[in-house]
1. Exactly one condition in (1) farther than 23 Å from I176 by Cβ; (2) assigned to a strand (DSSP E or B); (3) in contact with a Pro (Cβ under 8 Å, 6 or more places away or on another chain) is not met by P133; state its number.
2. Of the residues that sit in the range 49-75 and are within 21 Å of the chain's Cα centre (by Cα), part of a loop (DSSP other than H, G, I, E, B) and under 30 Å from R289 (Cβ atoms), which one is modelled with the lowest pLDDT?
3. Residue by residue through the range 121-168, note down the ones that are of a type in the set (D, E, K, R) and more than 26 Å from V103 (Cβ to Cβ).
4. In this structure, is A283 crowded, with 20+ Cβ neighbours inside 10 Å, closer than 27 Å to E82 by Cα and small (G, A, S)?
5. Can you tell me which residue within the range 253-275, out of those that are touching a residue at least 12 places away in the same chain (Cβ under 8 Å) and more than 19 Å from P221 (Cβ to Cβ), is surrounded by the most Cβ atoms within 10 Å (Cβ to Cβ)?
6. If you go through the range 221-231 one residue at a time, do you hit one that is out of contact with any strand residue (DSSP E or B) (no Cβ under 8 Å at 6 or more places or on another chain), in a helix (DSSP H, G or I) and of a type in the set (G, A, S)?
7. Residue by residue through the range 185-242, note down the ones that are of a type in the set (S, T, Y) and modelled with pLDDT under 95.
8. Could you list, in sequence order, the residues of the range 144-162 that are in a strand (DSSP E or B) and at pLDDT below 95?
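The values are calculated or read from the model by the stated rules, or taken from the named source; none is laboratory data. Predicted model, so just to flag it, every value in this text is computed and none were measured. Here the Cβ is made from the backbone with ideal geometry for all residues, glycine too, and neighbour counts use every protein chain on show.
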Amino acid sequence: MPRAVVRPSPEGPASVGLLIGGLLAVALAAWAIVFWAPKASADSRADAVLATPVDTSAFHDHWSQGRAEITSYELEQARYGELHPGHAVLIFVTEDFSREKHVKLDAPQRAGADRVPVLKLNATRKFNTGVYPYSVMTSIFTPVDGSGTLKVSTSVQEWCGHVYSQLNRAESGFRIEQRSYFESEGDAQLDHPGFELEDDLWTRLRLNPQSLPTGSFSMLPSSLHLRLKHLPWQAVAAIGEHLPADERGLVAYRLTYPSQSRSLTIRYSPAHPHEIEGWQESAGGLTTRAVKKERLMLDYWSRNRLEDAGLRERLGL
């Protein structure tokens, strides 16, 4: 039986991740039945298929080793009608989450049924627009047992000010909070019925690409796109499709919003754990592109000494 994993927290005391092999196997088995089967929906799912269950040992070997997967990307970010150079980083890691409070548990061993293992993604982008910089981060928390994503938060900082939004799963859909320095947005809180989330495509892809929606459906565009374009929290018609392998053996998932003339294509490895090699987002005649530079499995939260700075050089940051 696999040993319990001790994973120190970057923000607080050490957190013991009790991802014991037996419980993991039960969770993944339930996932195969509940999550991988096509879901009943009013939206058409033209290409919905059953997925081959992930190998439990492979899942445990990659995601339960007490380290995060960190991948750096060369970035060309579309903004203000131009492409701006920068870099992006995707940090994937499993951790113990509170199903009720939607926060990382300080003592998961005492949480009981409130504890839910999640795959967390912290996605960052940094780029300059003329004289002033942008710093962007989106965090996504998706349970590994296949139940719906619990939380998405996004912050955008630049010299004019900053904007923060948070989406939490609720009984009747989602609860959304927004904080902005723009008068037209300001402070807002609203409830919204359930819909597909563009933001959690990234975590769902890593867990099982065949869980991604295909055919025609309604989807909430990414929280970053909504904030940069100052758009309302409104789901719109979308089309999803899986693309065949390219000359490098990479496959892709493409999302298209016909009414917005916008598309997102994520290229990834077809084999578990489905590493993301790059993506492109086309809108308004410009295409944001990200291409992988380096990937490390790293307990970054304990690498906070001056002597650890060389790891940033290895990531090309």
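1. (3)
2. A51
3. Step one: of the range 121-168, the residues of a type in the set (D, E, K, R) are 125-126, 145, 151, 158.
E158 - this is the single residue of the range 121-168 that is of a type in the set (D, E, K, R) and more than 26 Å from V103 (Cβ to Cβ).
4. No.
5. From the range 253-275, those touching a residue at least 12 places away in the same chain (Cβ under 8 Å) are 253-270, 272-275; that's our starting set.
In the following step, the residues that additionally are more than 19 Å from P221 (Cβ to Cβ) were identified as 267-270, 272-275.
Details: R267: 22, Y268: 20, S269: 16, P270: 12, H272: 17, P273: 17, H274: 17, E275: 18.
The selected residue is R267.
6. no
7. Within the range 185-242, S211 is the sole residue that qualifies.
8. Those that are in a strand (DSSP E or B) and at pLDDT below 95: G161, H162.
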